[in-house]
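Please read the structure below before turning to the comments.
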Amino acid sequence: MSTAVTESKSVVVTETVRHPVGGAVLVVLGAVLAVAALLWMPDGRATTFRLDQTVESGWTVGTFGIVVTLAVLTVLLGVLMLARAVSARMHGVIVGVAATALVIAVLSWVVTPGVGFPVEFVLATTLFLALPFIFGALSGVVCERSGVINLGIEGQFLAGAFTAVLFASITGNPYVGILAAVLSGMISTLLLAWLATRFEVNQLVTGVILNLLALGLTGFLFERLMRMDHSLNQPSTVPRIGGFLHDIGLGFLTDIPILGPVLFDQNLFVYVALACVFGLSYLLFHTRWGLRTRAVGEHPAAADAAGIDVNRLRFWNVTCAGALSGFGGAFFTIANNVAFSKNMTAALGFVALAVMIVGRWNPVGALWAALLFGFSSALQRFLNTMPGNPIPTEFLGMLPYVVTLVVVAGFIGKAVAPAADGIPYRPGDN
């Protein structure tokens, strides 16, 4: 007797979509840049890109040639988007390449001749300044993937910054301060989780109230403790890993052009952030916990029917997410070796929420979005000190927020939150 075995093959259908608005924008931007270069760029202008921290060398290119070439590339990418439908992944690649081309072209033009663009300084600073956005966005990803909106990241940053410097000053140990920051962040989100799951309060209002509570409490304690005893506001920082690598005979890693300063001469915060990004990405998409977390954030009734305690999982996920935002708060004092001051986080917790949205509730996406914000801040630092800076640096500070608005508006694809995000769940609801 013979047995016939039929194998079923799954067919993955990739949806392609035409993006006429995005294509038109790229064509216009590229054309405007090319025409501007033809009309106003001086003859013989050159731009130097320097490796400023390792080999002290660089390369010089004709400014007109590189600007026009990259402008034409942008136009061609825009025409491609106009002419044919592309998949979501290809669309992201096209927009990313076009944006990179435009940024390099504009930088080539604005850098003062003879000064040079410090590639290694800007890239290393980009990663460092992206840290609060990374930690805040990851905290938001865990919460919103679980179905709870964490609008209190700003308050968790403040609490983390304050407790980090306070306990580091008391003990003389920055690592104790970091641990205190983590615990303070968890206490803040524990309150959010308890109110959201037990009493089904409005999560947006609760987040705002927790931010105001943290702002008022840290301001009060700052006046009562740190202003009266300055020894309680003496931060100590963690060392860079470059010295440790030299001690164990691996100092050559810090001398690798570009990669050395960016990846092998940073402090603890950078490596914890990168580990959290890739670790959380694995946990969310390749483990049982991640599957359950995404289930309670997308369809809690189905998760409940499968035997998952929805509110219990939400409670613990949100509580643990506070460790990330609390750690991010320690960046402002411990990582920067800066004393605490009232409202020193300057609303960057809200920016971290924008980073989360730009990254589409994905840890790796949030990393790329955070690097965009960090790059803008690094450019500001460089251009503020560059002789003959032709543009107000405030405009560069606006760039990430403009990009955020463009992304949220759907220019590079619609950002869709988890279906049950911000919706309380009562066991037994359908």
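Close amide H contacts of Gly58 (hydrogens built in the peptide plane, cut-off under 5 Å, sequence separation of 5 or more or a different chain): Leu51.
For the pair Ile423 and Asn337, a Förster radius of 25 Å applied to the C-beta separation gives a FRET efficiency near 0.05, rounded to the nearest 0.05.
Compared with the direct C-alpha span, the chain from Tyr271 to Asp309 gains 10.3 nm at full extension, assuming 0.36 nm per residue. Taking packing as the residue-averaged number of other Cβ atoms within 10 angstrom, the listed peptides 177-186, 359-368, 109-118 run from highest to lowest as 177-186, 359-368, 109-118. Alpha-carbon geometry of the stretch 175-271: the Rg and the Dmax are 20.2, 57 Å, given in that order.
Taking amide H as placed 1.01 Å from N in the peptide plane, Ala46 has its amide H under 5 Å from the amide H of Thr63, each at least 5 places away in sequence or on another chain.
Think of it as helices only: each DSSP H run of n ≥ 4 in the chain is worth -39500 (n - 2.57), and spread over all residues that comes to -21000 deg cm²/dmol at 222 nm. For the stretch 315-356, the solvent-accessible area works out to 29 Å² per residue, with a probe of 1.4 Å and every protein chain left in place.
Using the average count of surrounding beta-carbon atoms within 10 Å as a protection proxy, the listed peptides 224-230, 119-125 rank, highest first, as 119-125, 224-230. Net charge dipole, the chain: roughly 600 debye, given to the nearest 20, about the Cα centre with Cβ charges of +1 for Lys and Arg and -1 for Asp and Glu. Net length available on complete extension from Ile187 to Val115 is 21.1 nm, with 0.36 nm assigned per residue and the Cα-Cα distance removed. The modelled label-to-label distance for the pair Thr60/Val72, using points 7 Å beyond Cα in the direction of Cβ, is 2.4 nm. Using a 1.4 Å probe over the heavy atoms of the protein chains, calculate the carbon and sulfur portion of the accessible area of the chain as a whole percent. That share works out to 67 percent. Across the chain, the mean sequence separation of Cα contacts (distance under 8 Å, 6 or more residues apart), normalised by length, yields a relative contact order of 25 percent. For Arg426, neighbours were defined as the other residues whose beta-carbon sits under 11 Å from its Cβ, and their charges (Lys and Arg +1, Asp and Glu -1) total -3. Protein heavy-atom accessible surface, 1.4 Å probe, per residue over the stretch 136-206: 32 Å².
On full extension, the segment bounded by Trp289 and Phe252 gains 9.3 nm, given 0.36 nm per residue less the C-alpha separation.
Its residues counted as N, the chain yields a C-alpha radius of gyration over 2.2 N^0.38 Å of 1.10.
Of the DSSP H helices in the chain, those that are both long (alpha-carbon extent of 20 Å or more along the helix axis) and hydrophobic (Kyte-Doolittle mean at least 0.0) are 20-40, 63-83, 88-110, 131-145, 153-171, 174-198, 203-221, 268-286, 310-330, 363-385, 393-408.
The values are calculated or read from the model by the stated rules, or taken from the named source; none is laboratory data. What you see is a predicted model, and the numbers here were worked out from it, not measured in a lab. Neighbour counts run over all protein chains shown; Cβ positions are idealised from the backbone, glycine included. What goes into the accessible areas is simple: the full protein's heavy atoms, side chains included, and nothing from ligands, DNA or RNA. Shrake-Rupley method; radii C 1.70, N 1.55, O 1.52, S 1.80 Å.
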